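One structure below.
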Amino acid sequence: MANQPIPSPSSPELLPNEREVSFETIYAFLVRNRAIITFAVLTLIIVAAGALFLHMQETQRRHDAKMQLARARTPQDYENVAREYAGTTAAATAWLRAGEIRTQQQDWDKARTAYSALIGQHPESMLTPSAAAGMALILESQGKLAEAIAAYQKVAKDYPKSFQAAQALYNAARLMQANGQTREARQAFEELVTAHAGSAWVRDAGERLSQLKLQEKAAAARISAPTENPAPSAPPPSTATPPAKTRKKTR
């Protein structure tokens, strides 16, 4: 006996009267709740229109910020852009430019204010490491070497993946070397060469590291060299005038 195919189960079709009941039920639901449905639809339309309006407004604001940033020339111009368009990418750039120009002018307080504003208002910006490095540069320019070294080290620690990390570590090591902290400088240069192998600062760090190693070897050789007692030198010739000979008087 040949195997008969097993019919696949299918949903039963509704009878005409059942279709009418279903349509009537849906229609009755819509009529009964038409006020609520109308309110919900209108609310969605208003919310969507409001979101679209805000998006267009923010887009225009960012465009205006870029235009004002391009027109800025003085540090005061950049500071005005940063304040008027706070929260935008252009504002972060404006704070950085204001800080850089103020630093060149040796206006340390206003430069520090600009860098601090960038760090505080735009902590996730790609420009924040540059502002932190600018703060360290201010300390170095003021001759505060110990504070500058700590600030550069903090930049390298807080922003290890940024471009500024290798440069900050190099500057910290450079100041250590200038400050006579030879061992600490060597360790910092070695860390730079190891942790930032692809950086442009590796070559300069390697050269300074080689100089430090040669200096350490020379110092060690001087310490370990035996000291020889110098041979006694002959006494210097006397410069005293010999006494004059007295003649005997003859009678």
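Derivation of every value follows stated rules applied to the coordinates shown; laboratory data play no part. These figures come from a predicted structure and were not determined experimentally. All Cβ positions, even for glycine, are placed from backbone atoms using ideal geometry, and neighbour counts span all protein chains on display.
Distances longer than 19 Å among the Cα atoms of the stretch 19-125: what percent of all pairs is that? Show your work: numbers first, answer last.
Working: 3460 of 5671 pairs.
Beyond 19 Å sits 61 percent of the P(r) for the stretch 19-125.
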Proximal charge balance of Q211 [Cβ under 12 Å; K/R count +1, D/E count -1]:
+2
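Could you work out the local net charge near I223, counting Lys and Arg as +1, Asp and Glu as -1, over the other residues with Cβ closer than 12 Å to its Cβ? Walk me through the numbers before you get to the answer.
Details: positive: K217, R222; negative: E216.
That works out to +1.
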Setting aside same-chain residues fewer than 8 positions from K217, which aspartates and glutamates have a Cα under 19 Å from its Cα?
E184, E190, E207
What net charge is computed for the residues neighbouring E184, neighbours being all others with C-beta under 14 Å from the C-beta of E184, Lys and Arg scored +1, Asp and Glu -1?
+1
Where trypsin sites (Lys or Arg not before Pro) fall in DSSP loop in the stretch 28-97, at most 13 other Cβ within 10 Å:
R73
Extension gain R32-A200, at 0.36 nm per residue separation less the Cα-Cα distance, in nm?
53.1 nm
Under the 7 Å Cα-to-Cβ spin-label approximation, E124 and Q142 lie apart by a distance in nanometres of 3.2 nm
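Can you give the convex hull volume of the alpha carbon atoms of the stretch 127-208 per residue, in Å³? All intermediate terms of the calculation are to be shown ahead of the outcome.
Working: hull volume 6.3 nm³, N = 82.
Per-residue hull volume (Cα only) is 77 Å³.
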Cut-off 18 Å, label 7 Å out along Cα→Cβ of D107, residues of the stretch 52-89 by amide N
69, 71-84
